[in-house]
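The values are calculated or read from the model by the stated rules, or taken from the named source; none is laboratory data. Just so you know, these numbers come straight off a predicted model, no measurement behind them. Heads up, the Cβs are rebuilt from the backbone with ideal geometry, glycines too, and the neighbour counts pull from every protein chain shown. Accessible surface is based on the protein model in full, side chains and every heavy atom, while ligands, DNA and RNA are left aside. Shrake-Rupley method; radii C 1.70, N 1.55, O 1.52, S 1.80 Å.
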Amino acid sequence: MFNSESEGGNARRALPDAAITSPMDLSDRAQEKIVTRLWKLYSHSQRHMEQMYGAWNRADAQYVAYLGDEEKTATGRLVGRNPYAKRIYIPYTLANIQSTLAYMLQVFAGPRPYINLQARGGEVKATARMTAVLDAQAEAMNYSMLLYSFLLDGLKYGVGVMQPLWRRTFRKMPVTDPLMAQVLGTTSMEIDFDGPMTYNIDPFRYFPDPMAPLGDPQAGEYVTFEHQRSYQHLLRMQRGGVYAGVERVKGDQDASGSRSSTRGLTSERDAYRGLTSSPGIDGRAVSAGISMDGVREWGVLRETWAKILPAEWGVGTGEDEEIWCFTTYNDRHLIRAHRSPYPHGKLPVVVWEPNFDRHSAWNPGISWMVEGLQDMLNWLFNSHMESVRQSLNAQVVVDPMRIEVDDMLRPQPGRIIRKKGEWDGPLDSAYSQLKFQDTTGTHNRDISQIMEFMQRVTAVGDNQMGIASTDRKTAAEARIVAGASQGRMALLTQVASAQGLRPLVEMWVQNNQAFLSVDREYRVVGEKQRYRDVAEGITNGLIRVSRDQIQGFMDMVIHDGSLPVDPSQSVSEWREIFGMVSSNQVLMKSFNITNIFRELVNAMPGARKSVDDLVLQLPQTPVSVVPDNLNGVPSGATAVPTLATYGGSA
């Protein structure tokens, strides 16, 4: 439902009568006109994006420590060389990216709930309920892995792309007799997932409007996503109500005449990993026209979301700008055309750039920034290794008239070198070892300096990599260095939060407010204080939410970039608070000493069981009350001991 070609869907939401809902509503000539127009938009973007592919391919090569074709065969084996002569790639760029990624994932995917919302006005209860809904949906769509790819693409290529859509899926569930509580022999189709589904987009398959900055896609007029899909996939999508007229592409077996065959540069990441054939990924394999049983197995789908004037495009009578979705197959067949059903009124795409500059067309990632330093690091190490190999394999000048050269060429342990003829001169006059001077002795020191430069560029020091520093520092100095490094990491995290995640969550919220169809219970996670305004609706940690209860204006709180606090680090603080309150009778009357002790135990690293499991269940013995009612209890009544009776406020 409303989703892209990535998954099957259901019937779309009703659109105005003045606009078409299927490409079949158009004549062949009108469809060809739209296909040609979409092709021109894609070509304009493709020529622009292709200029980045060289830098992106080099970033992939750095990330996988690729050695180069001159060192290996197609299978990855060295060609006729001593295995110890292998050139070494120092994967320091990989270490920098992985360390930065680990920090950012701790910030975004560590604490629960994943999404922290705040109400713009009085929608406090709706915001609390929406928080529970989004956390459950994020868990269902594997939010951590979604973020991992999104952030990794940004750090590696300089841009990460996601496409937020809506998805509703069903699955067969056994029917249960409500009276007998028994499973019957029949099944029914029940909603399995109903919520915002977000997809990672390969930057090599992303074609935005080049007239807008790469980091601000909403400033452009269109975005195009490229996919490779089979004919069977097209049929499945047509049954789901997403595509139409798929039967027309059945005989499209050869792409030699397709506009798709003009695709130039593409990703080389799989070639770097030793894959010589990847038809499902490599765009060049698709243009070759792979077929199966007389039907083209793979085809190129281009899904374009564009801001258009319907009357000018011939798809409606409206003269105001609207967002429409079009999908073409092999740039010849229009199989999808309808107005965007999403209430947010934006192109369904979010982007983040770690080095965002609004005035630049595109910005580099970490790999591009340290590319020169990485190359120098590799050269310093390998030139030193070459020098070591040369010193271990010393060159010798031999007189073949005096010594058997074969004995010199076949060295063996305890070997014998034979003399020739009756020669009886001094042995050192028959051969001489050439002198060798190692000029790379200082390269190890230079390597340390290069690594230090890379740390200054990326703000990823030894501490972030989990390596103990060899430099002697005082505790105050170490704390200052760590704080400064985390400050730069926090800046990077704030950019990702503001540029990428906040627009994403905004679309999630508005899509839920428009399309959520299932009233169900959601688990409450995180601090209870967050749900204090809806505490009356929480039962056993669950809260029931309907679409009517999540309406209103709310926004994601931009993360400050600080790491979540480890509870074990607060043990001493809680111990001090416990001692302070327990020793002061005035504080004992105002604070719950039992809850303070519970927080202290939960903060201890060794605590594995719930504190409530350790509480001694005291018998509730009635307490006699004196006739003069000194305790404020009416005569003849009984008082039951509470927590306050045992040193704490109830």
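Things worth noting here:
- Enumeration of residues in segment 419-443 that are closer than 22 Å to Asp375 by Cα, polar (S, T, N, Q) and either open to solvent by 100 Å² or more (accessible area, probe 1.4 Å) or in contact with a helix residue (DSSP H, G or I) (Cβ under 7 Å, 6 or more places away or on another chain) (or both): Thr439, Thr440
This table checks each residue for (1) in contact (Cβ under 8 Å) with a residue 24 or more places away in the chain; (2) crowded, with 23+ Cβ neighbours inside 10 Å.
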{"position": "Tyr89", "(1), (2)": "yes, no"}
{"position": "Leu94", "(1), (2)": "yes, no"}
{"position": "Ser99", "(1), (2)": "yes, no"}
{"position": "Gln106", "(1), (2)": "yes, no"}
{"position": "Leu151", "(1), (2)": "yes, yes"}
{"position": "Gly154", "(1), (2)": "yes, yes"}
{"position": "Gly160", "(1), (2)": "yes, yes"}
{"position": "Gly185", "(1), (2)": "no, no"}
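- Beta carbons closer than 9 Å, at least 6 apart along the sequence or on distinct chains, pair a first residue in segment 116-132 that is part of a strand (DSSP E or B) with a second that is of a type in the set (Phe, Trp, Tyr) for Ala119/Phe553.
- Among the conditions (1) on the phi > 0 side of the Ramachandran plot; (2) modelled with pLDDT of 85 or more; (3) of a type in the set (Gly, Ala, Ser), Ser546 misses just one, which is (1).
- Taking every residue in segment 491-502 that is in contact (Cβ under 8 Å) with a residue 12 or more places away in the chain and pairing it with any residue that is in a helix (DSSP H, G or I) and surrounded by 21 or more Cβ atoms within 10 Å (Cβ to Cβ), at least 6 positions away or on another chain, the pairs with Cβ-Cβ distances below 6 Å are Thr493/Met104; Thr493/Val107.
- Test set (1) in contact with a Leu (Cβ under 8 Å, 6 or more places away or on another chain); (2) modelled with pLDDT under 95; (3) open to solvent by 20 Å² or more (accessible area, probe 1.4 Å); (4) within 23 Å of Ile34 (Cα to Cα) - Thr317 fails condition number: (1)
- Boolean, Met180 is of a type in the set (A, V, I, L, M), part of a strand (DSSP E or B) and on the phi < 0 side of the Ramachandran plot: no
- Failed condition for Ser188, given (1) within 23 Å of Thr327 (Cβ to Cβ); (2) more than 29 Å from the chain's Cα centre (by Cα); (3) among the small types (Gly, Ala, Ser): (1)
- Filter pass, His48 being open to solvent by 70 Å² or more (accessible area, probe 1.4 Å), closer than 30 Å to Leu151 by Cβ and either modelled with pLDDT under 55 or not hydrophobic (A, V, I, L, M, F, W, C) (or both): no
- Of everything in segment 424-479 that is more than 27 Å from Val388 (Cβ to Cβ) and touching a Phe, Trp or Tyr at 6+ places or on another chain (Cβ under 9 Å), the residue that is modelled with the lowest pLDDT is Gln464.
- Which numbered condition Val161 misses (of (1) of a type in the set (A, V, I, L, M, F, W, C); (2) in contact with a Leu (Cβ under 8 Å, 6 or more places away or on another chain); (3) part of a strand (DSSP E or B); (4) at pLDDT 90 or above): (2)
- The residue that is nearest to Leu334 (Cα to Cα), counting only those in segment 200-232 that are open to solvent by 10 Å² or more (accessible area, probe 1.4 Å), in a helix (DSSP H, G or I) and touching a residue at least 40 places away in the same chain (Cβ under 8 Å), is Tyr231.
- Boolean, Asn382 is surrounded by 15 or more Cβ atoms within 10 Å (Cβ to Cβ) and over 21 Å from Leu501 (Cβ atoms): yes
- The set of residues in segment 323-341 being open to solvent by less than 10 Å² (accessible area, probe 1.4 Å) and of a type in the set (Ser, Thr, Tyr) consists of Thr327, Thr328, Tyr329.
- Selected residue (criterion: most open to solvent (accessible area, probe 1.4 Å)) from residues of segment 296-314 that are within 15 Å of Ile34 (Cβ to Cβ) and part of a loop (DSSP other than H, G, I, E, B): Leu309
- Ala132 meets the conditions (1) open to solvent by less than 20 Å² (accessible area, probe 1.4 Å); (2) modelled with pLDDT of 90 or more; (3) more than 30 Å from Asp519 (Cβ to Cβ) in every case but one. The failed one is (3).
- Residue identified as part of a helix (DSSP H, G or I) and either within 30 Å of Leu214 (Cβ to Cβ) or at pLDDT 85 or above (or both) among Tyr42, Tyr66, Tyr84: Tyr42
- Test: residue in segment 507-526 that is in contact with a Leu (Cβ under 6 Å, 6 or more places away or on another chain), open to solvent by less than 70 Å² (accessible area, probe 1.4 Å) and more than 23 Å from Arg112 (Cα to Cα): no
- Selection over segment 527-547 of residues that are over 24 Å from Trp166 (Cβ atoms), under 29 Å from the mean Cα position of the chain (by Cα) and surrounded by 15 or more Cβ atoms within 10 Å (Cβ to Cβ) gives a count of 2.
Each row is one residue, and each column tells you yes or no for (1) within 26 Å of the chain's Cα centre (by Cα); (2) modelled with pLDDT of 90 or more.
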{"position": "Arg358", "(1), (2)": "yes, no"}
{"position": "Leu380", "(1), (2)": "no, yes"}
{"position": "Val397", "(1), (2)": "no, no"}
{"position": "Glu404", "(1), (2)": "no, no"}
